[in-house]
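The values are calculated or read from the model by the stated rules, or taken from the named source; none is laboratory data. Bear in mind the structure is a predicted one, so any value in this text is a computation, not a measurement. All Cβ positions, glycine included, derive from the backbone under ideal geometry; neighbour counts span all protein chains shown. The protein model used for the area step is the full one, side chains on, heavy atoms only, and it has no ligands, DNA or RNA in it. Shrake-Rupley method; radii C 1.70, N 1.55, O 1.52, S 1.80 Å.
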Amino acid sequence: RNTYDPDEIEEEQRERERRNKVNNQYNSFVKKVQDLWERDHRELSLEFDIPFRELGFTGVPNKSTSFLIPTVYCLVDLIEVPFFVL
């Protein structure tokens, strides 16, 4: 892998931008859902959990190998179909 390849640098930049866009969209979604939930269902608790990607590991929850990521309350694979939540 050539670190000075302009196409690779451009591709990495696009990937960072895409990841940032998805993260921003997700954060916006979480905020909107929490605001609506607090307005309409104040008596019920709702909490979003963020996976700890740096603690992830490879496993086989179904028939194929997946990258499993722990959260505070569960273990997830939200990339490969079928999705996995334990």
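Taken over the range 38-54, the criterion of being within 15 Å of the chain's Cα centre (by Cα) and either open to solvent by less than 90 Å² (accessible area, probe 1.4 Å) or in contact (Cβ under 8 Å) with a residue 24 or more places away in the chain (or both) is satisfied by F48, D49, P51, F52. Taking the range 6-20 as the range and being within 23 Å of F83 (Cβ to Cβ) and open to solvent by 80 Å² or more (accessible area, probe 1.4 Å) as the test, the residues that pass are R18, R19. Residue check: N23 meets all listed conditions (1) exposed (fewer than 10 other Cβ atoms within 10 Å of the Cβ); (2) of a type in the set (S, T, N, Q); (3) under 11 Å from the mean Cα position of the chain (by Cα) but one, namely (1).
Within the range 18-35, no residue that is more than 10 Å from F48 (Cβ to Cβ) sits with its Cβ atom under 7 Å from a residue that is at pLDDT below 95 at 6+ positions apart or across chains.
Against the definition (at pLDDT 90 or above and loosely packed, with under 11 Cβ neighbours inside 10 Å), how does F57 come out, yes or no? Taking the combined requirement at face value, the residue satisfies it. At pLDDT 90 or above and in contact with a strand residue (DSSP E or B) (Cβ under 8 Å, 6 or more places away or on another chain): is that true of F29 in this structure? When the stated conditions are applied, F29 does not pass them. Looking at the chain, the strands (runs of 3 or more DSSP E) lying wholly inside it that each contain 1 or more residues that are of a type in the set (S, T, Y) sit at 57-59, 66-70.
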